[in-house]
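Each remark here refers to the structure printed beneath this line.
None of the figures in this text is laboratory data; all of them are computed from the coordinates on show. Keep in mind the model is a prediction, meaning the values are calculated, not measured. Note that we place each Cβ from the backbone using ideal geometry, even for glycine, and neighbour counts take in every protein chain shown.
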C-alpha cells in the first residue's frame, strides 16, 4: 500500500509497480498502463493549474464513466483541489443546487450533459467550463475543449505533500429535509478505506476487478477499484449506460476478471438470462454486491451455479464508511445478515438515548472508523446531528445476534431504498407540493421485486382540481432525477395523521404494500 499515491501523489505508486503493467481498461477498448495513468493525471493537474485552480478549489465532474474521469479525479486531488462528483442523472434544477452549494471554479462535463447546465449558468460563478467530447457550435461559445485541459504534458512536482486530513471530494447524498448534503471525503478517508479492503480480502497485484457502477458513486471507484489500484492490480471499467448481463459475463471471461462488483438487479438479470454457463468464468473468485440485500433465492442460486465464487454482501453508506460490514458465503454468514465489520471499524447498536443495547435488541446502527466523514459541506446543523464524537448515526435499524453477526432490520430515517439509491421523501414531497393541483402529499416506499422498493406518491388534490397520474409523473420527471420519479400515484381525499398532525406513513405503506400485484 502506497500512502503517497492515495494522498494525491500518483507518481509514488508508479515507483512501486511495473510501469508497463495495466492499470485501467475501459470495457473492450483502450488500456492504460500505470505509467500512462500517471502521465495523464499529471497532464490534468498541469492543465488545472494553468487555468487558475488552486488547492481547496472545487472541480466539478459531470461525466459518464471513462478513463479520462480517472485521470481528472487523480489530477485534481493530487493538486489538493476538491473533486465534486456529480450524478449525471440529476435534472437541471438539482444540478443547479449542487453547483451553487459547492461553488466550483471549474466544471468538466460531457458534451450532452452540458445542456443541463446551460439553463442555470447565469446563476453560477465558474471560471472555466471544459467539454469532454465534441463541442457543438453553441457549446463552443462558452466551453473550452478537453485538449485545453489536458494538453499540458510534462512532470508535475508538488509544492507540498497533500495532508491526509485535506478534503479530496464532495459527494452529494439525498437530504432528509429536502436538500442534498455534500459529504466531505478526505485523502485519509480514501487511504484508510483502500487499506481496510486490501486487508479484509487480501488483495494483491494479480487481482483484476470489474467495476460496473457509475463513477459518481463510491461503489464504482472506492469500493474495490481504488483498493486494487493501490496494490498494483488491474481495474476494468464499464460504461455508464445500457447494462447487459451477457456483455458483462463475456467481459469477465475475456479479461479474466477475479473480482466483480455486481449490484442486485444485475444478479437478478444473470439468473433470468440462464446463460451463465455459456461463458468461462473460471477466473472469477468473488462477487461483491451491495446497495440492497439480495433475495435469498439469488444467494442460493449463486452458491449452486457458481460454487467456486465467494458472494460478499456489503453494508455501509457514503458518509459513514461505504463498506462498514460484509458477509461472505465462504464464511457461512447467514443469508439475511451483513456479516461482520471490516478491519478498524466499530459498529454499535444504540437506543434513542444513544446508549448501546443488548444482543438481539433492535436499535440504530452507529459506525466509527477512519472512513467516517467529519462533516457535510457548509451544513453545521446537519453535521452535528449525524456525526457525534467520531461516530456516524446512520439512521438504519439493526441488531447483533449472539454470534456477533450484524443484521439490518429497517430504517429510523424516513427513506425509500430503490435500486441501490437512497431517496428521501422530503425532497419529493417538496417538489410535488409546488404542483398547482396538489394540496397535500406523502411519499412512501412500496415493495418491488426487482428494486426492493418503488416510490409511491399518495396525493390529496387541491379542491376543485382533477390532477392525473400522467400529469403528476410528468411534473416530477421535469424536476427530479429519473430514479426519484414516482412509479405509483394514488389519489386520496386525506392523509392519515396522528393527533399531533404527523402523517402515519406506516399505515400508507401497509395499505399499498400489494400495489405491484394489483
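Below 8 Å, C-alpha to C-alpha, sequence gap of six or more: please give me the relative contact order for segment 221-303 in percent. Reported as a whole number, the value is 30 percent.
Over segment 416-517, Cα pairs under 8 Å with separation of 6+ residues give a relative contact order of 28 percent. Taken over the Cα atoms of segment 59-208, the convex hull encloses 154 Å³ per residue.
Computed over segment 168-232, the Cα gyration tensor eigenvalues convert (square root of 5λ each) into semi-axes of 26, 13, 9 Å, ordered from largest to smallest. For the chain, relative contact order (Cα pairs under 8 Å, six or more residues apart, normalised by length) works out to 11 percent. Here the gap between residue 18 and residue 136, fully extended at 0.36 nm per residue and compared with their Cα-Cα distance, gives a gain of 38.4 nm.
Residues in segment 200-222, backbone N under 12 Å from the label point at residue 331 (7 Å along the Cα-to-beta-carbon vector): list them, ranges by number please. From segment 200-222, the list is 200-202. Taking every Cα-Cα distance in segment 416-517 and sorting them into 5 Å bins from zero, the calculated P(r) comes out as 2, 13, 25, 25, 21, 10, 3, 0 percent.
If a spin label sat at a point 7 angstrom from the Cα of residue 28 along the line to its beta carbon, the backbone N atoms of segment 274-292 nearer than 20 Å would be those of 274-284.
For residue 118 and residue 449, the FRET efficiency from 1/(1 + (r/R0)^6), where r spans their Cβ atoms and R0 equals 30 Å, is about 0.15. Projecting label points 7 angstrom from Cα along Cα→Cβ for residue 161 and residue 305 puts them 4.9 nm apart. Helical runs (DSSP H, four residues minimum) scored at -39500 (n - 2.57) apiece and divided by the length of the chain put the mean residue ellipticity at 222 nm at -8000 deg cm²/dmol.
Stretching the chain fully between residue 403 and residue 515 yields a gain of 36.6 nm (0.36 nm per residue, less the alpha carbon separation).
Label sites at residue 35 and residue 360, each approximated as a point 7 angstrom past Cα along Cα to Cβ, lie 6.3 nm apart. Taking every alpha carbon pair in segment 444-488, what does the distance histogram look like in 10 angstrom bins from 0, in percent? The calculated distribution, bin by bin, is 26, 49, 23, 3.
Dividing the Cα radius of gyration of the chain by its Kirkwood radius returns 0.96 for Rg/Rh. The Cα center of segment 91-121 and the Cα center of segment 376-401 differ in position by 28 Å. In a fully extended conformation the segment linking residue 278 and residue 506 would gain 77.6 nm over its present Cα-Cα distance, using 0.36 nm per residue.
Which percent, to the nearest 5, of DSSP beta bridges fully inside the chain are antiparallel? Expressed as a percentage, antiparallel bridges in the chain total about 55. In terms of packing, defined here as the mean over residues of other Cβ atoms within 10 angstrom, the peptides 284-292, 142-150, 354-362 line up highest first as 284-292, 142-150, 354-362. Extending 7 Å from Cα along the Cβ direction at residue 246 and again at residue 434 yields two label points whose distance is 4.4 nm.
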